[in-house]
Amino acid sequence: MANRTDPLAKSIRGTNPQNLVEKIVRSKIYQNTYWKEQCFGLTAETLVDKAMELDHIGGTFGGNRKPTPFLCLVLKMLQIQPEKDIVVEFIKNEDYKYVRVLGAFYLRLTGTDMDVYRYLEPLYNDYRKVRQKLTGGNFSLTHVDEVIDELLTTDYSCDVALPRIKRRWTLESAGALDPRKSALEDDFEEEEEKEENEQLVDGLEAGAPEKDYYRGRSPTRERDRDRRRDSHRHRDRDYDRDYDRDYERERGRGRERDRDRDRDRDRDRDRDRDRERDRDRYRVRDERDYGRERDHEREGRERDRRDRDRGRRRSQSRSRSRSRDRKDRDGGEHRKRHARGSTSPRRRGHEDGGAREEPKRKKEKKEKKDDGTDHPDPEIAEANRLRASLGLKPLKL
C-alpha cells in the first residue's frame, strides 16, 4: 500500500511514526494530488530532489484544509524513516533553505531532546527569508531562525502537534547538555580586546610604567568578562524559566478552557437530553391525541354506518310494505282473472253455448213479437202466420 509505513521503520515514542501527524491531517494528505503523484515511490535518495523543488513551507490552507507539499514531504519522511545521517545532512545544507527547514522539522518530530538542541540551535544564525503559506491561502514572509524558534519554544507548528521536550536549563543542570554559547560571544570578546588595546595605547601615551604596558588582561577585566558571560547565561536561564512559567500558565488556561468546554458540552448534552425527553413526551402526547382522534373518527364512522344501515333497513321495510300492498291489490284482480281463466274448457264451452243460446232466444222471442204471431186475437195471429210464411210483414193493429 502507498500509505503504509516501511516495515523496517522503528516506532517513535511508542507508536507508528505516521501517527505523529493527526489523523484528520493525515487523511487530507492521503487524498491530496501531490501525495499521489509526486510522493509515490520516493526513497531517501530521491526525496532530496523533491525537497529542493520546495518554494514555501506551511501546514494546511483553504476552506477544505488542503495540505502543502512541505507537509506531504514531512509525512513521506515519517513513512520511509531515513537514517539520521541523511537528516543531519539536510540540516547542514546551506544551499537550499527549505531542505534545511524540512530536515529540522523532521528531527524535531523524531529526535531526542539532546539531538534537537544540538542540531537546531545553530540554525538560530540563519537569517534567510522563507515563504510561509497561511491558513487563508495567502503567503507571509518569515525567517529560518524564526521557524527554528517556533519549533523549539511552541507545541504546535504547521498544523502538527510537536512532541514535548525538556527545557534546556533542565538538561544543563542534569549535565546532559553543555551551556549554550552565543554566536555573538566572540564578537563581544573582540570588542573587549579592542577596548583593552586602546587603553594600553592611551597608557603608553600618558607615560605609564612599563610593567603596566605588557601586563595583559587584568583580573578586574577578567572578572567583568566572566560576570557578563554569567549574566548572559542567567539571562538565558531566566528566559527559559519565564517561558516555562508562561507555558505552565498557558497550560493552566488551556486546562480551564478545556474544563469550560467540557462543562459547556455537558450543559449542551443535558439540554439535548431534556429536549429529547420533551420531544418524546410531546410525541407520546401527540400519539395519544392521534389515537383519540382516530378512535373518534372510527366511532363517527361506526355511527354513520349504523345510521345508514338503519335507514337502509327502514327504506327496505317501507319498500317491502309497499310491494306487499301492491301485491295485495294486484292479487284480487289476479285472483279474479285467475278464477275467470282457470275454468275447464268443457265448462267454458257450456257457458259459451248458454251465452250464445240466450241471444237466439231473445232474437226468436223478438222475432216472434215482431211477426205478430203471438197476437191475442186468434184471427190476426193466424193471418200473421200466413203472411210470415209468405214473407210479408205482419199486420199491425
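The values are calculated or read from the model by the stated rules, or taken from the named source; none is laboratory data. Computed from a predicted model, the values in this text were never measured in an experiment. Cβ: placed from backbone, ideal geometry, glycine included. Neighbour counts: every protein chain shown. In case anyone asks, the SASA skips ligands and DNA or RNA and just uses the protein heavy atoms, side chains included. Shrake-Rupley method; radii C 1.70, N 1.55, O 1.52, S 1.80 Å.
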Note to self: with every protein chain in place and a 1.4 Å probe, the range 40-121 gives an accessible area per residue in Å² of 40 Å²
Simple SL model, points at 7 angstrom along Cα→Cβ for E196 and E83; separation in nm is 4.6 nm
Classified through the alpha carbon gyration tensor (a ≥ b ≥ c as square roots of its eigenvalues; rounded if a/c is under 1.5, else prolate when a/b is larger than b/c, else oblate), the range 250-306 comes out prolate
Mean Cβ-within-10 Å packing, highest first, puts peptides 134-142, 90-98, 108-116 in the order 108-116, 90-98, 134-142
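By average Cβ neighbour count within 10 Å, what is the ranking of 64-77, 301-314 from highest down?
Output ranking for 64-77, 301-314: 64-77, 301-314.
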Length gained, T33-E379, 0.36 nm per residue minus C-alpha separation, equals 108.5 nm
Computed from the beta carbon distance with a Förster radius of 51 Å, FRET efficiency for K92 and R263 to the nearest 0.05 stands at 0.55
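Any idea what the dipole of the range 44-92 comes to, in debye rounded to 20, about its Cα centre with Lys/Arg Cβ at +1 and Asp/Glu Cβ at -1?
340 debye
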So for R0 = 22 Å, FRET eff. of D55-A2 from the Cβ-Cβ r, to 0.05, ends up at 0.35
Projected convex hull area of the range 1-101, Cα atoms, direction-averaged, in nm², equals 6.5 nm²
Sequence order, the range 33-38: Karplus ³J(HN,Hα) from phi using 6.51 cos²θ - 1.76 cosθ + 1.60, θ = phi - 60°, Hz rounded, Gly and Pro as x, gives 5, 4, 5, 6, 9, 9
Taking Cα pairs closer than 8 Å and at least 6 residues apart, the relative contact order of the range 22-90 in percent is 35 percent
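Given a Förster distance of 41 angstrom, what is the FRET efficiency for R313 paired with R279, based on the Cβ-Cβ distance and rounded to 0.05?
0.25
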